[in-house]
Structures are given as C-alpha cells and as structure tokens.
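Below is one structure, written out as structure tokens; comments come after it.
The values are calculated or read from the model by the stated rules, or taken from the named source; none is laboratory data. Keep in mind the model is a prediction, meaning the values are calculated, not measured. Here Cβ is always computed from backbone atoms with ideal geometry, including for glycine, and neighbour counts include all displayed protein chains.
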C-alpha cells in the first residue's frame, strides 16, 4: 500500500532535519518522570510542542528506560489512542512510539501517520505485516533486546565495530520488512542511540552516520537527554549530569545532524532544536536529506 499524502509529505526535502517532539504518556519515563501521564496534560504538552515548531509529535505509552516494566496492551492503548485522536484532530502529524502491532494499528486508525518502533519490528512478529497494510511510514530502530537485558548485548567486536554492526543489522531489517510487504521506500532508519550501546559506542555511531546513510534511507536520530550525554558532562563527584542539564550538549548533536542532512531529530526541547536549526540554516550549515 502507498503511504498517505500526509506521510509522503514528511519525506519531501525540507532543507533541515524535521523535528519530532516527544510526548511520553507514561508514569516512568527517564526524561520527564510521568509528567504527562494524564491525557489532558499530554495533549496540552503536544499542542505546546506544535506551537514551538514540532514537525511531528511522537506519542508513546511504554517507557524504554533501562529496567522498565512493560505495560499491558490495554494500558498502552488507553494511554496513547485518545491522545493521538485529539492531537491529530488539532492538525498535528502524529507518530506512535510502540513495539506492538495491535497498538500500531489502533494508532493509525486514530490518526497517526508514522509508526515508530524502537525494535524495528523484532519485538512483535506481526508488526511489519500490520504496518504494510496501512498507509503509514515506519521507523525501524536498531535494537537487540528489551530494556531489561539490552546492555548484556552491547558487544560489537566484529569488523567495523558498532558502526559496521548497526549498518549490517539495519540492512537485514530492511530486507525482512520488505519480505513482509513493507518496502524500503516507506521506512526511516534510526541507529538506536543508547539501546544496547554503552557510552563511547554512541559517539562512534554519531561520527559514523555517513555509513548508515549509505543504506539509502532517511535517518532519525534520537540523542535527546540520553545517558551518554550525561556521562560526557560529569559533576565534581564524577556523577553524570542530570537529565535537565544535558540540552546544550544535545544541541551540538542537532547541529551536526543538520550539517549531515539527517532527515529528523527526536527531541524533548522543540524550541531549542528549532532555534539551533534556524541558526544552522542562516549559516548555510543545514542541508536537506536530498542534498546530503
């Protein structure tokens, strides 16, 4: 099935990365501690991000922080579907952040035009076929395991290290998705920063984005507030910088994504990202993915 007109518009060259604003409808997110679990609060936050310049709103009902417990499917549906309905009705381009095919389908029916699966379809074998039968885009992230075990799999000793492994495994995901009826033209790739990657491995991936671009698909980069930024900025006692103090370092990543022509950045602070991208454009540093 072809993508919807709204989804297709998200793939058109823009001259800068698209900004995907995060709306966590969860009680235990690492980044905002459940501030938007209430539906009205989540919708209000989404509308605020939209007003600040978000191109897409990413609505998630399952925390993927290390050690997080998975909600029941009914809980996840109850968290995200009403929020998606209201934000889509308000004119937002909405993405659903889920690893479950049932939630993805309900979200698309509610108005989502993107399915953002951090497992790339590995967590639910029905996901690829389900999304193939819709008109939504699919974001396939590099993933090796659920959060309770992912760091046990953060070993990249083969040729090319972490970059070579991520490129190879995402290529395999593209092939598997195509076999399930979801062609590459409908897929955006995400290197999976922080997921089964430790400290320096994340920086290696960011420095090696050119290799991932060689897969021929748009890239979504999600570095916002992640622990490798905190580890880069330790306090006097050596402890990582808290979440709320990582944004300045994150904007350097956003700027580099603009310079490389990355398709999108997934962020918590939309205003900061749009300010950075405006300056990058004025300086001639931002290029479209088509020109990268």
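Among the residues of region 85-137, those that are without any contact (Cβ under 8 Å) to a residue 60 or more places away in the chain, farther than 26 Å from residue 223 by Cα and outside any helix (DSSP H, G or I) comprise 90, 91, 111, 125, 126.
Of all residues in region 225-240, those that are touching a residue at least 12 places away in the same chain (Cβ under 8 Å) and more than 22 Å from the chain's Cα centre (by Cα) total 2. When region 14-41 is examined, which residues are found to be touching a strand residue (DSSP E or B) at 6+ places or on another chain (Cβ under 7 Å) and either part of a loop (DSSP other than H, G, I, E, B) or modelled with pLDDT of 95 or more (or both)? Of everything in region 14-41, those that are touching a strand residue (DSSP E or B) at 6+ places or on another chain (Cβ under 7 Å) and either part of a loop (DSSP other than H, G, I, E, B) or modelled with pLDDT of 95 or more (or both) turn out to be 17, 18, 19, 20, 21, 22, 23, 25, 26, 31, 32, 36. In this structure, residue 246 qualifies as without any contact (Cβ under 8 Å) to a residue 24 or more places away in the chain and crowded, with 21+ Cβ neighbours inside 10 Å.
Only one of the numbered conditions (1) within 25 Å of residue 37 (Cα to Cα); (2) over 19 Å from the mean Cα position of the chain (by Cα); (3) in a loop (DSSP other than H, G, I, E, B); (4) at pLDDT 95 or above is violated by residue 148, and that is (4).
Screening residue 159 against (1) within 24 Å of residue 113 (Cα to Cα); (2) in a loop (DSSP other than H, G, I, E, B); (3) over 15 Å from the mean Cα position of the chain (by Cα) leaves a single unmet condition, (1). Restricting attention to region 11-23, does a residue exist that is farther than 25 Å from residue 287 by Cα and surrounded by 16 or more Cβ atoms within 10 Å (Cβ to Cβ)? Looking through region 11-23, at least one residue is farther than 25 Å from residue 287 by Cα and surrounded by 16 or more Cβ atoms within 10 Å (Cβ to Cβ). Residues considered: 8, 54. Of these, the only one that is modelled with pLDDT of 90 or more and surrounded by fewer than 23 Cβ atoms within 10 Å (Cβ to Cβ) is 8.
Would region 239-252 turn up any residue that is touching a strand residue (DSSP E or B) at 6+ places or on another chain (Cβ under 6 Å) and in a helix (DSSP H, G or I)? Among the residues of region 239-252, not one is touching a strand residue (DSSP E or B) at 6+ places or on another chain (Cβ under 6 Å) and in a helix (DSSP H, G or I), which makes the answer no. Restricting attention to region 152-199, the residues being loosely packed, with under 15 Cβ neighbours inside 10 Å, closer than 30 Å to residue 69 by Cβ and at pLDDT below 95 number 4.
This table checks each residue for (1) part of a strand (DSSP E or B); (2) farther than 23 Å from residue 95 by Cα; (3) out of contact with any strand residue (DSSP E or B) (no Cβ under 8 Å at 6 or more places or on another chain).
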{"site": "164", "(1), (2), (3)": "no, yes, yes"}
{"site": "181", "(1), (2), (3)": "no, no, yes"}
{"site": "192", "(1), (2), (3)": "no, no, no"}
{"site": "205", "(1), (2), (3)": "no, yes, yes"}
{"site": "210", "(1), (2), (3)": "no, yes, yes"}
{"site": "216", "(1), (2), (3)": "no, no, yes"}
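Across region 200-225, what is the total count of residues that are surrounded by fewer than 23 Cβ atoms within 10 Å (Cβ to Cβ) and at positive phi? Residues in region 200-225 being surrounded by fewer than 23 Cβ atoms within 10 Å (Cβ to Cβ) and at positive phi: 1 in total. Residue count for region 138-156, restricted to those that are touching a helix residue (DSSP H, G or I) at 6+ places or on another chain (Cβ under 7 Å) and either over 18 Å from residue 114 (Cα atoms) or touching a residue at least 60 places away in the same chain (Cβ under 8 Å) (or both): 4.
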